[in-house]
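Every number in this text was worked out from the coordinates using simple rules, so none of it is lab data. Source: prediction; values computed, not measured. Neighbour counts run over all protein chains shown; Cβ positions are idealised from the backbone, glycine included.
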Amino acid sequence: GNSVTQMEGPVTLSEEAFLTINCTYTATGYPSLFWYVQYPGEGLQLLLKATKADDKGSNKGFEATYRKETTSFHLEKGSVQVSDSAVYFCSRGPTGGSYIPTFGRGTSLIVHP
Amino acid sequence: DTGVSQDPRHKITKRGQNVTFRCDPISEHNRLYWYRQTLGQGPEFLTYFQNEAQLEKSRLLSDRFSAERPKGSFSTLEIQRTEQGDSAMYLCASSPEGGVSTDTQYFGPGTRLTVL
């Protein structure tokens, strides 16, 4: 089937720590991959995306590389800030004539000063 | 503000009542999506419009759920005979014309439904 699996949270880090949030997907074909972020009290917004294998999406110090061989799109940041505290959603775009995007369940990140 | 807007932001209703939610996408975005999100879960796809055409509705949760986008601009999601299990956040998102698989979605703030 088509699904997205994210590591469970919450992930709790101290400021300036290294962040990894794992995401793997299943799909027929080669979907585009996305990370969306939801800050407290706000709607989901795009953080970064990659549309083909080996592409690296980056934004606000976050990065994720589209790994076809491991069907993964792990999110990383070298030094997190308190303001990065939010819920992060990995998403897979439609493939094979479908119109249906799929989202992971979200990973909550809490960054302490 | 030219983002996606949803109305109402909160709705409390009694079991068995009908509710209707509205979504106004970013102007000129021809793609529109509805999702349901429950606590601790990601958005769950419900239906998709391209302009006024509803191209995917197989994931609407039951025949109590229906959606329209009559003029290809705003959209409505209706739930008839609400049940307590319908309590959730209902999200709307829009995308500009382009590749359906590659486009970024722009989300509204959601409508939180509580069924008593």
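Within 10 Å of each Cβ in A:41-47, how many Cβ atoms from other chains are there, averaged over the peptide?
On the way: counts 1, 2, 12, 12, 5, 4, 0.
The shielding value for this peptide is 5.
Mind checking the alpha-carbon convex hull of the protein assembly as shown and giving the volume per residue in Å³? Write down the numbers at each step before the final one.
Values: hull volume 28.2 nm³, N = 229.
Taking the convex hull of the Cα positions in the protein assembly as shown, it is 123 Å³ per residue.
Assuming a viscosity of 1.567 mPa s and a temperature of 4 °C, what translational diffusion coefficient in µm² per second does Stokes-Einstein assign to chain A, Rh being the Kirkwood radius over Cα pairs?
Values: Rh = 14.1 Å.
Roughly 92 µm²/s, to the nearest whole number.
From the Cα gyration tensor of segment A:63-105, with a ≥ b ≥ c the square roots of its eigenvalues, which class applies: rounded if a/c is under 1.5, or else prolate if a/b is larger than b/c, or else oblate? If you can, show how the numbers build up before the last one.
Numbers: a/c = 3.87, a/b = 1.72, b/c = 2.25.
Oblate is the answer for segment A:63-105, as a/c is 1.5 or above yet b/c matches or exceeds a/b.
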Q. Amide H to amide H under 5 Å from A:Leu48: which residues, 5+ apart in sequence or cross-chain, H placed 1.01 Å off N in plane?
A. A:Trp35
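Among B:Ser73, A:Ser98, A:Ser3, rank each residue by its count of other Cβ atoms within 10 Å, from fewest to most, as a rough exposure measure. It would help to have the intermediate numbers written out before the result.
Numbers: B:Ser73 16, A:Ser98 19, A:Ser3 12.
With the sparsest Cβ surroundings first, the list reads A:Ser3, B:Ser73, A:Ser98.
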Q: Take the alpha carbon atoms of segment B:43-116, find their center, do the same for segment A:64-112, and report the distance between the two centers in whole angstrom.
A: 22
Q. Quick one: Karplus J couplings for segment B:22-39, per residue in order, coefficients 6.51, -1.76, 1.60, θ = phi - 60°, nearest Hz, x for Gly and Pro?
A. 10, 10, 10, x, 4, 4, 6, 7, 9, 9, 9, 10, 10, 9, 10, 10, 9, 4
Q. How many Cβ atoms of partner chains, on average, are near each residue of B:49-60 if near means within 10 Å of its Cβ?
A. 1
Q) Quick one: Karplus J couplings for segment A:34-49, per residue in order, coefficients 6.51, -1.76, 1.60, θ = phi - 60°, nearest Hz, x for Gly and Pro? A) 9, 10, 10, 10, 10, 7, x, x, 10, x, 5, 9, 5, 9, 6, 8
Q: Quick one: which residues, 5 or more positions from A:Ile110 or on another chain, have an amide H under 5 Å from its amide H? H modelled 1.01 Å from N in the peptide plane, none for Pro or chain starts.
A: A:Val11, A:Thr12, A:Leu13
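Given Cα pairs under 8 Å that are at least 6 residues apart, what percent is the relative contact order of chain A? Before the final figure, lay out the partial values.
On the way: 300 pairs, mean separation 41.1, N = 113.
Computed value for chain A: 36 percent relative contact order.
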Q) Could you give me the ³J(HN,Hα) list for segment A:87-92, computed from phi with Karplus coefficients 6.51, -1.76, 1.60 and θ = phi - 60°, whole Hz, x at Gly and Pro? A) 10, 10, 10, 8, 9, 10
Q) Can you list the residues of segment A:1-33 with backbone N under 18 Å from a point 7 Å past the Cα of A:Asp54, pointing along Cα to Cβ? A) A:30-33
Q: For segment A:20-113, state which GluC sites (Glu not before Pro) are in a DSSP loop and have at most 10 other beta carbons lying within 10 Å of their beta carbon.
A: A:Glu69
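Which whole number gives the average count of other chain Cβ atoms within 10 Å of the Cβ atoms across peptide A:96-105? Numbers along the way, then the final one.
Values: counts 1, 2, 5, 13, 9, 11, 4, 7, 3, 6.
Averaged over the peptide's residues, the number is 6.
Please give me, ordered by residue number, the trypsin sites (Lys or Arg not before Pro) of segment B:12-94 that lie in loop per DSSP and have at most 10 other Cβ atoms within 10 Å.
Answer in residue order: B:Lys14, B:Lys71.
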**Q.** Residue pairs, from the table A:Lys56/B:Lys57; A:Lys52/A:Lys77; B:Lys11/B:Lys57, whose Cα atoms sit over 27 Å apart
**A.** A:Lys56/B:Lys57
Q: Compute log10 of I(q)/I(0) for chain B with the Debye formula, placing one identical point scatterer on every Cα and leaving out solvent, at q = 0.10, 0.11 Å⁻¹, to two decimals.
A: -0.26, -0.32
**Q.** Relative contact order %, chain B, counting alpha carbon pairs below 8 Å whose residues are six or more apart
**A.** 36
Q: Among A:Ser83, A:Ala64, A:Leu33, flag the residue with its Cα farthest along the positive direction of the charge dipole of segment A:25-113, charges on Cβ as +1 for Lys/Arg and -1 for Asp/Glu.
A: A:Leu33
Q | Most mobile of A:Gly57, A:Gly97, A:Gly43 in a GNM of chain A (Cα contacts under 10 Å) | A | A:Gly97
